[in-house]
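These notes are about the structure you will find just below.
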Amino acid sequence: MSRQEVEVLVVGAGQAGVAMSEHLSDRGIPHLVLERHRIAERWRSMRWDSLVANGPVWHDRFPGLEFDGLEPGAFASKEQVADYFVSYAEKIDAPIRCGVEVTSVRRNAGAPGFHVQTSDGDFNARYVVAATGPFQRPVIPAVVPDAAELVQIHSSSYRNPGQLPEGAVLVVGAGSSGVQIAAEIQRSGRQVFLSVGPHDRPPRSYRGRDFCWWLGVLGMWDASTPPLGAEHVTIAVSGADGGHTVDFRALAENGIELVGRTESFANGTMHFAQDLRKNIANGDAHYLEVLDEADAYIQRNGLDLPEEPDARTLRPDPENVTHPILELDLTNAGVATIVWATGFALDYSWLQVDAFDEFGKPRQQRGVSPEAGVYFLGLPWQSRRGSSFIWGVWHDAKYVADQIAIQQSYLAQNEQTALAAMGAF
């Protein structure tokens, strides 16, 4: 059976795939983007109903298009974000084919490029860009057995409180997703327990500037490697309700029961680590460190930004922080549901090439893999802290497109040399 020929095959039409398409088109490189669902599908079907982006629209966008109908400081809803990428794909006339799943990619034997099998036939691609991003396989830790009489769902399957059975809810994970979900469920009238692990807690804004701006001018977005031990640190920040700084003490005052990191489950009882107070204190330290750096930047540059002394005032620790619950009988507490806001794992089972370490993690440098012709896009810390964010992936895509163009130039030179040699005879 004949294969469809394509120079560059991009797998995935989320923010990474759309950005990749733009930069390939700018360089005149023929390509095709395959998406198994719809453009930016994960924004639509793997997010809860009330989700908004955690960055304001002046920041969380591509350079070539603003969000229609939103003020610069607004936080776009998940549907608005998905619609934005659809509009962007139309604007750049991206060659995207939806409803096509890539099932395997293998290097051709004795020939350049890759054999790509899909639900819509086979392709022969000179280059392949894996643009499926970091949110591929929801992770639920093997803590509570499936046989337990509890509803267990991942945050990617949570939509709204109405989908949950009656009763209290335990939310495990206190990053942006866990905090927003816990607060929404609590406002619906349910008792919520929130398991808080180690995290960074930046200010939503300070002295009249959003934290996205502060991370930019302080050079934090461009950090090339995470601090040692902080490769997967949870970030607690929220764009909900117009954007606000996450305050775990305020959540407790509103009725959410804070507990430490979830450790184990036995005989209907959940056990928590004795680290709640430490985790909150460390989050505070990060918050105050950002304020210190911002103040120093203002003084160093002579900026006239309003003072904000109240930003350094922290609420006192509530009872559930000073004397935290270490064991919770879920039945006695009326807990009927556990929402696991515990992140995602990578899944490149379809990409059957020598580009991964023993843990299945891509081996790459700024998206370039050791498997010649294979590239990655949208990975956390791919080139900098901002790599997995909307604006960051756009800049990484530019670099990857440049690398593909460079490889094309080498191939073109080889062909010219071969033709010249033939002409000499």
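Here are the numbers:
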item	result
Cβ-Cβ under 8 Å pairs, at least 6 apart or on other chains, the stretch 262-286 side open to solvent by 50 Å² or more (accessible area, probe 1.4 Å), far side part of a helix (DSSP H, G or I)	R277/V321; R277/T322
Subset tally (residues that are open to solvent by 40 Å² or more (accessible area, probe 1.4 Å) and either assigned to a loop (DSSP other than H, G, I, E, B) or among the polar types (S, T, N, Q) (or both)) for the stretch 357-383	12
Hits in the stretch 325-342 - residues which are open to solvent by less than 40 Å² (accessible area, probe 1.4 Å) and either more than 13 Å from L194 (Cα to Cα) or not hydroxyl-bearing (S, T, Y) (or both)	L328, L330, A333, G334, V335, A336, I338, V339, W340, A341
Exclusive hit being farther than 30 Å from I181 by Cβ, touching a Ser or Thr at 6+ places or on another chain (Cβ under 6 Å) and either at pLDDT below 95 or open to solvent by less than 30 Å² (accessible area, probe 1.4 Å) (or both), set V100, V129, V105, V116	V100
When residues of the stretch 148-179 are limited to those that are of a type in the set (A, V, I, L, M, F, W, C) and farther than 28 Å from R204 by Cβ, the one surrounded by the most Cβ atoms within 10 Å (Cβ to Cβ)	L150
The stretch 343-356, residues that are surrounded by 18 or more Cβ atoms within 10 Å (Cβ to Cβ) and modelled with pLDDT of 95 or more	Y348, L351, V353, A355, F356
Among (1) in a loop (DSSP other than H, G, I, E, B); (2) in contact with a strand residue (DSSP E or B) (Cβ under 7 Å, 6 or more places away or on another chain); (3) hydroxyl-bearing (S, T, Y) - the single one S264 does not satisfy	(1)
Which numbered condition S409 misses (of (1) surrounded by fewer than 13 Cβ atoms within 10 Å (Cβ to Cβ); (2) in contact with a helix residue (DSSP H, G or I) (Cβ under 8 Å, 6 or more places away or on another chain); (3) not in a loop (DSSP other than H, G, I, E, B))	(2)
Set Y84, Y88: member being more than 21 Å from Q136 (Cβ to Cβ), in contact (Cβ under 8 Å) with a residue 60 or more places away in the chain and part of a helix (DSSP H, G or I)	Y88
Residue match in the stretch 69-81 (condition: aromatic (F, W, Y), at pLDDT 95 or above, closer than 22 Å to F376 by Cβ and out of contact with any Cys (no Cβ under 9 Å at 6 or more places or on another chain))	no
The lone exception for F425 - which of (1) surrounded by fewer than 18 Cβ atoms within 10 Å (Cβ to Cβ); (2) modelled with pLDDT under 95; (3) touching a His at 6+ places or on another chain (Cβ under 9 Å) it fails	(3)
Those residues of the stretch 219-274 which are among the acidic types (D, E), within 26 Å of the chain's Cα centre (by Cα) and at pLDDT 95 or above, in sequence order	D247, E263
Subset of the stretch 31-59 [open to solvent by 20 Å² or more (accessible area, probe 1.4 Å), assigned to a loop (DSSP other than H, G, I, E, B) and not hydroxyl-bearing (S, T, Y)]	R36, H37, R38, I39, M46, R47, D49, N54, W58, H59
Inter-residue pairs, beta-carbon under 6 Å, first open to solvent by 40 Å² or more (accessible area, probe 1.4 Å) and in the stretch 236-255, second part of a loop (DSSP other than H, G, I, E, B), 6+ apart	H244/R204; T245/P203; T245/R204
Flag for V105 being farther than 25 Å from D26 by Cα and of a type in the set (V, I, T)	yes
Sole exception among (1) in contact with a helix residue (DSSP H, G or I) (Cβ under 8 Å, 6 or more places away or on another chain); (2) of a type outside the set (D, E); (3) on the phi > 0 side of the Ramachandran plot; (4) open to solvent by 10 Å² or more (accessible area, probe 1.4 Å) for G28, by number	(1)
Flag for A74 being assigned to a loop (DSSP other than H, G, I, E, B) and either in contact with a helix residue (DSSP H, G or I) (Cβ under 6 Å, 6 or more places away or on another chain) or open to solvent by 60 Å² or more (accessible area, probe 1.4 Å) (or both)	no
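The values are calculated or read from the model by the stated rules, or taken from the named source; none is laboratory data. Keep in mind the model is a prediction, meaning the values are calculated, not measured. Positions of Cβ are backbone-derived with ideal geometry, glycine not excepted, and every protein chain shown enters the neighbour counts. Ligands, DNA and RNA are stripped out before the accessible areas are found, and what is left, the full protein with its side chains, is counted by its heavy atoms. Shrake-Rupley method; radii C 1.70, N 1.55, O 1.52, S 1.80 Å.
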